[in-house]
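Here it is, the structure in full.
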Amino acid sequence: MRKIPSLRKASAAALLGIPVVLSGCGMFGAQSSEAIDPPPRIQEAAMIQAAEGDGKLATLPLTTVYLQDQQGMLAPVSLTLPSGTDVSSPKTALDTLVTGGAYAGMLPEGFKGVLPQGTVVQNVTIHSDDKLAVVEFSGNFAKYDAKDERKMLEAVTWTLTGTPEINNVQIWVDGKKLSQMPVNSTPLPEPLNRAVGINLDLGESFTTNSSPVTVYFSAASPAGVQYYVPVTRLVAPGGDRVQAALNELIKGPAKDGELEEVMTGGTELQSVKTSEDGTVTVALKDDMFTEGDIVPSELLQSVVLTTAENTVSKDAKVQIEWNGQKTVKGDDNRDYSAPVSKPEYINEIPI
């Protein structure tokens with residue numbers, strides 16, 4: 001086996017207001033990668049800055065951005081940036097998305113930014129009252145292929161809305177607010193938010209009377225490091241969002257893709273309950289496992305990520321019941337029967 005606004009009112013029609021163009025590490029830690037080529041200038045500077053007088057490496061700041069993987073899908077990647085970098089700055093996050101930009105040498109093998117080379121992130125202004133980020137681009141922002149337009153919007157939107165301070169994104173270029181994108185004319189009548197979805201999978205039963213949910217499947221980098229990929233699917237409206245999302249997770253990824261299943265064919269969702277304090281309890285059953293068995297952390301982590309992504313609160317806690325057991329241990333030695341939050345950093349993949 002191998003942080004967000006509510007989407008409750010989002011419909012398929014709204015989701016597809018942005019045209020669909022399909023392109024065809026563990027969240028709590030990562031394995032080490034194989035040897036790499038000599039580091040470029042900014043990466044080498046980070047390594048030098050990390051070395052302290054006692055010869056040990058300092059803990060460097062992390063920032064999570066959405067990069068394109070070798071399958072052409074967007075995935076969150078938590079990057080280690082040079083000491084002194086303002087990782088809390090949304091401008092820094094967007095700078096990492098620029099192809100061949102200042103941080104290009106710090107991206108893991110198999111990942112790349114989606115903004116055109118030469119794009120300049122001039123400024124990001126946050127309006128705290130409505131949690132709106134106004135992004136001002138210049139340079140080569142408009143020099144991209146039409147097929148990449150939606151991916152650019154998704155990467156910018158999901159990167160910025162990963163923090164509690166930002167729910168919506170507005171794009172400006174060369175001092176003017178965009179009403180549509182410059183190449184494929186994607187309309188931008190309203191600020192963007194996570195209701196636009198990411199890595200859209202319309203399936204075979206798509207209707208405009210549907211609502212989006214986002215689930216997390218698994219993939220592996222060229223170096224063999226496991227990581228999580230969000231996929232937005234459309235489900236019948238009006239039901240419980242978390243339950244619908246978990247049922248899509250159990251269905252597994254598209255058969256023609258390279259994403260990996262995280263559930264067995266016998267996994268069943270028994271219930272989803274939310275307590276008064278907002279903790280979501282997910283009860284699962286799978287007869288393949290007997291009492292006392294260790295459950296794969298990939299499965300449990302995907303449940304936590306999927307559940308948290310589809311709740312109203314960005315800081316919702318999740319706890320899991322497995323085959324009626326109140327104690328659920330993963331093979332990462334974590335207790336998933338106690339309430340846990342979606343991790344601050346996802347997919348720490350070494351370069």
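Tally the DSSP beta bridges in region 129-265 and give the antiparallel ones as a percent, rounded to 5.
70
Restricting things to alpha carbons, find the Rg to Rh ratio for region 132-222 using the Kirkwood radius for Rh.
0.99
Averaged over every viewing direction, what's the projected area of the C-alpha convex hull for region 259-299? Give it in nm², one decimal, please.
Values: hull surface 16.1 nm².
Mean orientational projected area (region 259-299, Cα hull): 4.0 nm².
To continue, here is another question. What fraction, in whole percent, of alpha-carbon pairs in region 235-321 exceed 14 Å separation?
Roughly 65 percent, once rounded to a whole number.
Which loop-located trypsin sites (Lys or Arg not before Pro) does region 249-329 contain, where loop means any DSSP state but H, G, I, E or B and the Cβ has at most 13 other Cβ atoms within 10 Å?
The qualifying sites are Lys255, Lys326.
Compute the accessible area per residue over region 211-253, keeping the other protein chains in place, probe 1.4 Å, unit Å².
26
Show log10 I(q)/I(0) for region 78-208 at q = 0.12, 0.14, 0.17 Å⁻¹, two decimals, from a solvent-free Debye sum over equal Cα scatterers.
Rounded to two decimals, the profile gives -0.47, -0.64, -0.94.
Placing unit charges on C-beta atoms (Lys and Arg positive, Asp and Glu negative, everything else neutral), compute the dipole magnitude of region 97-160 about its Cα centre in debye, rounded to 20.
Details: 6 positive and 8 negative charges, 34 e Å.
The dipole of region 97-160 has a size of about 160 debye.
On to the next question. Accessible area per residue for region 75-148 in Å², computed with a 1.4 Å probe and the full protein assembly in place, what is it?
Computed with neighbouring chains in place, this is 42 Å² per residue.
Distance from the Cα centre of region 223-240 to that of region 114-190, in angstrom?
The distance from the Cα centre of region 223-240 to that of region 114-190 comes to 23 Å.
From largest accessible area down, sort Glu298, Glu261, Glu344, Glu149; use a 1.4 Å probe on the protein chains.
Glu344, Glu261, Glu298, Glu149
Holding the Cα-Cα limit at 28 Å, pick out from Lys151/Lys285; Lys273/Lys342; Lys177/Lys317; Lys151/Lys329; Lys131/Lys329; Lys251/Lys326 the pairs that are longer than that.
Pairs exceeding 28 Å: Lys151/Lys285; Lys177/Lys317; Lys151/Lys329; Lys131/Lys329.
Over region 213-351, what is the percentage of antiparallel beta bridges among all DSSP beta bridges, to the nearest 5?
Of those bridges, close to 75 percent are antiparallel.
The values are calculated or read from the model by the stated rules, or taken from the named source; none is laboratory data. Values in this document were obtained by computation on a predicted structure and should not be read as measured data. We place every Cβ from the backbone using ideal geometry, glycine too, and count neighbours over all the protein chains shown. Just the protein is used for accessible areas: all its heavy atoms, side chains included, with ligands, DNA and RNA removed. Shrake-Rupley method; radii C 1.70, N 1.55, O 1.52, S 1.80 Å.
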